[in-house]
Each structure stands twice: as C-alpha cells, then as structure tokens.
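The values are calculated or read from the model by the stated rules, or taken from the named source; none is laboratory data. Keep in mind it's a predicted model, so treat the numbers as computed, not measured. FYI the Cβ positions are ideal-geometry reconstructions off the backbone, even for glycines, and counts take in every protein chain you see. These area figures cover heavy atoms from the full protein model, side chains too; ligands, DNA and RNA do not enter into them. Shrake-Rupley method; radii C 1.70, N 1.55, O 1.52, S 1.80 Å.
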Amino acid sequence: MQAFWTIVLLIISNVFMTFAWYGQLKLGEIVPSFKDWPLILVILLSWGVALIEYCFMIPANRMGSNINGGPFNLMQLKVIQEVISLTVFTLIVALVFKNQPIQWNHIAAFGCLVLAVFFVFLK
C-alpha cells in the first residue's frame, strides 16, 4: 500500500506543481487584469500554490523511500516522479491549454520515459 499512496500523493503534488508553474499563464487568459499584476505578486501566488504541492510531495518521498522503509530506492522514486510530472503536465496541457497541440515527438519522448521506468526497475 505504501507504493500506491506514494504514487497518489505524487500525482496530487504534480497537479499543484503544474498549476504553480504554468497556471498563471492560464489565469492571465481568464482574468485579464491578472496580466497587470506585478511580477512579485505572481511569484508569491505561485509560491503559495507550490507550498500546497510540497505538502503532498514531502510525505510522498518520505513514505516511498526505502531509507524510511518504503518500497522505492531514490533513483526509482525520482524516475517515477518525473514520469508522473510529465503525465500530469501533458494531461493539463491537453485539457486546459487547448492551443498547445501534442505532436508525435512529444509522444515519442513520453515513450522514452516509460522505458526509463522499465530500466530503473530492471534487476
């Protein structure tokens, strides 16, 4: 169950991370006055969202790491996190940022990441 909850927490964390990094771009489209905010306020807003991200990421890493009795070594944990990060990012881009088409090379790159997961778990 630790592996399951680690992955669930990583998925939630990466949703918040994606919105912390890129959500302000969409918010500028939805709320035109947001584009006039000073950069420091946009950064503080993103940091606030990133704080929520960390509230899921840190427990996921602690629970998932074999250093704390979890099922994954650090390399496995990092590769899993990267694949989740790009999967979540791709889904959000496809659903929220509809003017950013997904191309064949994006799919090929994702396939390479899936291979990375395979290789990192190879004995």
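Brief remarks follow.
- Residue within region 51-66 that is of a type in the set (Gly, Ala, Ser), under 30 Å from residue 102 (Cα atoms) and free of Cβ contacts under 8 Å to residues at least 40 places away in the same chain present: no
- Condition met for residue 76 (more than 29 Å from residue 122 (Cα to Cα), open to solvent by less than 90 Å² (accessible area, probe 1.4 Å) and under 17 Å from the mean Cα position of the chain (by Cα)): no
- Residue in region 56-68 that is farther than 27 Å from residue 121 by Cα and among the aromatic types (Phe, Trp, Tyr) present: no
- Criterion applied to 7, 30, 11 was being out of contact with any Gly (no Cβ under 6 Å at 6 or more places or on another chain) and exposed (fewer than 14 other Cβ atoms within 10 Å of the Cβ), and the one residue passing it is 30.
- Some residue of region 9-18 being free of Cβ contacts under 8 Å to residues at least 12 places away in the same chain and part of a helix (DSSP H, G or I): no
- Selection status of residue 51, open to solvent by 40 Å² or more (accessible area, probe 1.4 Å) and either in contact with a strand residue (DSSP E or B) (Cβ under 6 Å, 6 or more places away or on another chain) or more than 21 Å from residue 84 (Cα to Cα) (or both): no
- Within region 22-123, helices (runs of 4 or more DSSP H) holding 1 or more residues that are farther than 29 Å from residue 5 by Cβ: 39-64, 104-121
- Among the criteria (1) open to solvent by less than 60 Å² (accessible area, probe 1.4 Å); (2) within 13 Å of the chain's Cα centre (by Cα), the one residue 59 does not fulfil is (2).
- For region 108-123, the tally of residues that are under 17 Å from the mean Cα position of the chain (by Cα) and open to solvent by 70 Å² or more (accessible area, probe 1.4 Å) stands at 2.
Results for (1) hydroxyl-bearing (Ser, Thr, Tyr); (2) closer than 25 Å to residue 119 by Cβ, shown as yes or no for each residue.
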{"position": "3", "(1), (2)": "no, yes"}
{"position": "10", "(1), (2)": "no, yes"}
{"position": "39", "(1), (2)": "no, no"}
{"position": "67", "(1), (2)": "no, yes"}
{"position": "76", "(1), (2)": "no, yes"}
{"position": "81", "(1), (2)": "no, yes"}
{"position": "87", "(1), (2)": "yes, yes"}
